[in-house]
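Only the coordinates and a few stated rules stand behind these numbers; no lab work does. As the structure is a computational prediction, the values presented were derived from the model and not from experiment. No Cβ is skipped: glycine too gets one built from the backbone with ideal geometry, and neighbour counts run over all protein chains shown.
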Amino acid sequence: MIDNLTERQEYILGLVVRSYIETGQPVGSKTLVEQFNLDVSSATVRNELAVLDELGYLAQLHTSAGRIPTEGGYRYFVQRLLGEFELPVREQQMIRHQFHQARLDLEQWMRLAAAVLARTSQGAGVITSPRPRPNRFKHVELISTQGRLVLMILVLYGGDVKQQMLTLAEPLDQERLSAAAERLNRAFDGRSAAEMQARTGQFEGQDLEMDLARLVIDTIRTADARDFSEIYRDGVANLLDDVGTRQAVRVLEERTLLADVLSQVTEPAATGVQVIIGGEGRWEELKDCAIIVSRYGAEEELSGTLAVLGPTRMPYGRNISAVRYVADIMSSFIFDYYLDRPPLGDNPGDDNQGRIRD
């Protein structure tokens, strides 16, 4: 939930965030009044800063210092105050020209996309190779073997089969196991991990079904993460000089962790460009960092993920625009040379500004 700030509080918060992003220096009331020619006194601004501090949007490193944005302040700024931003036309033309010059080779385009994102954002650029639609549940079987041991056979659409031995809290007969499997089959048929997660509430109070549902969802999510056959990265060195983002280098270097982050923030329920600030409580490794991420390609057929990773003190408007623009270019490549048709207007990059074919 986000507090409803007054118009003046929003304006002052926006000034603090923009000033801190640009200079990296704490912002005080006197600086705001003088630099931005505010028509209120320093005392009034100081009171508003204190309110924003109390609400958790700003922080003060020590009593006499100015304020800096918190993760909550950055989130409010991005969600409510950022507005629209586009890369300068000249920069768009330069990026588009680089892709025009590249061979029609997917690996070269992905390396170029990561490099362009890193250079444009001065952070790290990441892109995954396109893959088919997310794994979807087909059916599960539970077979009693011995005592509390049960064999779970999970079948996914496309023919992939996952088998796992389970140890139950107490022995159950085959009839009870088959009934539990049938309930999951009716609830989950044809659904992705994200869609299944949204339907687990119907198993409240049914411990066996709930535990099985969680296990099946985790298994499919693991399969989805492993489907990132290639992850291309560029610009890791851009993060090494920033104390707040050194730990993010671990995310970039550990393929499994990076795949987990990308797979969860680009689940089907998420559309367009997503901004994750400070890990949103899910990833300690992203504390003091922000990740801007988008899918590219055709979601239900062949799609990948691209992202910019950097400090929370990043130029959000510019980086969001860069991610969206490169996603459009990569979407155009997938539609033109793999699906052999133009985008329908509802692909992840839906404004077509980066389209290669005129």
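Within the same chain, lysines fewer than 8 places from Lys30 are excluded, and of the rest, none has a Cα less than 25 Å from its Cα.
In this structure, Arg8 and Ala237 have a Cβ-Cβ separation that, at R0 = 41 Å, corresponds to a calculated FRET efficiency of about 0.50. Rounded is the label for segment 7-81, because a/c, from the alpha-carbon gyration tensor with a ≥ b ≥ c as root eigenvalues, stays below 1.5.
The Cα center of segment 273-294 and the Cα center of segment 92-107 differ in position by 29 Å.
Between Gln174 and Leu149, the modelled label-to-label distance comes to 1.7 nm, taking each label 7 Å out from Cα in the direction of the beta carbon. For the chain, a Gaussian network of Cα nodes joined below 10 Å ranks Thr219, Thr312, Thr63 by mean-square fluctuation, and the top entry is Thr63.
Could you work out which residue, out of Arg75, Arg221, Arg176, moves most in a Gaussian network model of the chain, that is, has the largest mean-square fluctuation with Cα springs under 10 Å? In this elastic network of the chain, the residue with the biggest mean-square fluctuation among Arg75, Arg221, Arg176 is Arg176. Say the dipole of the chain comes from +1 at the beta carbon of Lys and Arg and -1 at that of Asp and Glu; which of Thr167, Leu184, Leu13 then lies farthest toward its positive end? Result: Leu13, furthest along the dipole toward the positive end.
Would you mind estimating how fast segment 137-226 diffuses translationally, via Stokes-Einstein at 37 °C and 0.692 mPa s with the Kirkwood radius over Cα pairs, in µm²/s? Result for D is 249 µm²/s. Approximating the spin labels as points 7 Å out from Cα along Cα→Cβ, the Asp218-to-Phe36 distance works out to 4.7 nm.
Using a simple spin-label model with pseudo-atoms 7 Å out from Cα toward Cβ, His139 and Leu257 lie 4.1 nm apart. Taking the chain as a Gaussian network of alpha-carbon nodes connected by springs under 10 Å, the highest mean-square fluctuation of the residues Val275, Val155, Val249 belongs to Val155. Please give the helix 106-121 orientation as an angle from the longest Cα principal axis of the chain, in degrees from 0 to 90, rounded to the nearest 10. Between the helix axis and the principal axis of the chain, the angle is about 30 degrees.
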